[in-house]
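The block underneath contains the structure these notes are about, expressed in structure tokens.
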Amino acid sequence: MGVEALAHRVEFEPPAPRVLPQAPRLAFRDLKVSFAAERGLVPVVHGVSFDVLPGGTLGLVGESGCGKSVTCMAALGLLGPRAVVSGSATLDGRELIGASTAELDRVRGGRIAMIFQDPMSSLNPVHSVGRQIRESLSLHRGLEGRAAEAEAKRLLDRVGIPSAGQRMKEYPHQLSGGMNQRAMIAIALAGEPDVLIADEPTTALDVTIQAQILDLLADIRAETGMAIVLISHDLGVIAETCDDVAVMYCGRIVERAPVETLFAGPRHPYTIGLLHSLPRLETQIGALEPIAGVVPEPWAAPAGCAFAPRCSGASALCHAKAPQLARSGGRSVACHHPQIRFA
Ligand SMILES: Nc1ncnc2c1ncn2[C@@H]1O[C@H](COP(=O)(O)OP(=O)(O)O)[C@@H](O)[C@H]1O
Ligand SMILES: [Mg+2]
């Protein structure tokens, strides 16, 4: 090839690759869940989408009954035979919805671990805490014998259980609620998961232990790059721990934003209501006001915007037509009359 031809080739060389946006570790797209009931199929989650980057923390917040747990459990195939799930949830691009039990078994506990509000629902009462951690170490990391024993002790130390060597031999009923919560986190971490879904992990605990556990999760994330989905009904907990927040109401995300953006100026009246009912921000925003009314049951959800019956700013349009989640300026809001400034 002559010099000219070479020069020509060089000229048409593609530009050096720029830094590509990071691929999400976990991506939910239009995830829908209904449950078969006597009255028919009851939709509970209406199309939820979000991404979590490696090392990122997404807070999923909303009052009890808004569909936070169901959304996450759907991705792990934990909802049982009466659930009808559609849409997509991928882990590093691999589809979880409709995956076989064998595939999900490989993902659960190993790649994605989930911890629940009530540790007694996931701890086995007839095995010692140490044995339960060793089982996870054996299953997900192939550790046995002395190596498993040492690693189990290290994990219990790591989650702040004093005298870990002794505690390992004890059974869940011998430990306090806070200790069991930590033991459950140790079991979840034993598989070195890429994603931890923490479903109200501190709700049952007193404030001091709650803060310790949130700090612990933040430390582990910083060390390992584990992504976290933190489910909570408490925006205060989310504020301390998360990068991004998705606010859920009646099975939909109504507002999604980076945490600073959301707290600096929430747009959705529901988010504002959640902030108003936060004791810690009382001085900033005036009187503590719980949101009037309750979350409707899924089968009784109103037409139009589901929040309209509880919203002081609702118009005829709100009662007639459900608003779409619309993106602007790095945030998304589903509201016909979003607030421009913090009330
Ligand atoms: N197995 C189920 N069968 C029928 N309905 C369910 C089932 N699990 C949850 N639900 C309903 O789905 C809605 C969302 O529940 P959930 O995701 O647990 O709310 P959250 O975690 O936000 O408190 C609730 O109305 C709840 O009653
Ligand atoms: Mg829940």
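The values are calculated or read from the model by the stated rules, or taken from the named source; none is laboratory data. No experiment lies behind these values; they were computed from the predicted model shown. Quick reminder, even Gly has a Cβ in these numbers, built from the backbone with ideal geometry, and neighbours come from all protein chains shown. What goes into the accessible areas is simple: the full protein's heavy atoms, side chains included, and nothing from ligands, DNA or RNA. Shrake-Rupley method; radii C 1.70, N 1.55, O 1.52, S 1.80 Å.
Just to verify a result, which residue in the stretch 122-141, among those that are assigned to a helix (DSSP H, G or I) and open to solvent by 80 Å² or more (accessible area, probe 1.4 Å), is farthest from E192 (Cα to Cα)?
Selected residue: R131.
Restricting the first member to the stretch 100-119 and to residues that are open to solvent by 30 Å² or more (accessible area, probe 1.4 Å), and the second to residues that are part of a loop (DSSP other than H, G, I, E, B) and small (G, A, S), the beta-carbon pairs closer than 7 Å and six or more apart or on different chains are Q117/A204; D118/A204. The residues on offer are L317, L278, and the sole one that is surrounded by 13 or more Cβ atoms within 10 Å (Cβ to Cβ) and at pLDDT below 95 is L278.
Screening the candidates L189, L230 for the property of being in a strand (DSSP E or B) and either surrounded by 17 or more Cβ atoms within 10 Å (Cβ to Cβ) or at positive phi (or both) yields one hit, L230. For G47, state whether it is more than 9 Å from ligand 1 (Cβ to nearest atom) and under 26 Å from P269 (Cβ atoms). Here the answer is yes, as G47 does meet what is asked. Do you know which of the residues in the stretch 50-82 that are within 13 Å of ligand 1 (Cβ to nearest atom) and in contact with a Phe, Trp or Tyr (Cβ under 6 Å, 6 or more places away or on another chain) is farthest from R25 (Cα to Cα)? Per the criteria, the residue is R82. All conditions in (1) over 28 Å from A218 (Cα atoms); (2) within 16 Å of ligand 2 (Cβ to nearest atom); (3) open to solvent by 10 Å² or more (accessible area, probe 1.4 Å) hold for M73, with the sole exception of (1). Exactly one residue among T202, T208 is open to solvent by 60 Å² or more (accessible area, probe 1.4 Å), of a type outside the set (D, E, K, R) and at negative phi, and that residue is T208.
Residue count for the stretch 46-68, restricted to those that are among the polar types (S, T, N, Q) and out of contact with any strand residue (DSSP E or B) (no Cβ under 8 Å at 6 or more places or on another chain): 1. For beta carbons closer than 7 Å, sequence separation of 6+ or different chains, a first residue in the stretch 63-78 that is free of Cβ contacts under 8 Å to residues at least 12 places away in the same chain and a second that is more than 9 Å from ligand 1 (Cβ to nearest atom) and of a type in the set (S, T, Y), there are no qualifying pairs.
In contact with a Leu (Cβ under 7 Å, 6 or more places away or on another chain), farther than 30 Å from D234 by Cα and surrounded by fewer than 21 Cβ atoms within 10 Å (Cβ to Cβ), is that true of E144? Show your work before the answer.
Working: in contact with a Leu (Cβ under 7 Å, 6 or more places away or on another chain): no; farther than 30 Å from D234 by Cα: yes; surrounded by fewer than 21 Cβ atoms within 10 Å (Cβ to Cβ): yes.
Spelling it out, it is not the case that E144 is in contact with a Leu (Cβ under 7 Å, 6 or more places away or on another chain), farther than 30 Å from D234 by Cα and surrounded by fewer than 21 Cβ atoms within 10 Å (Cβ to Cβ).
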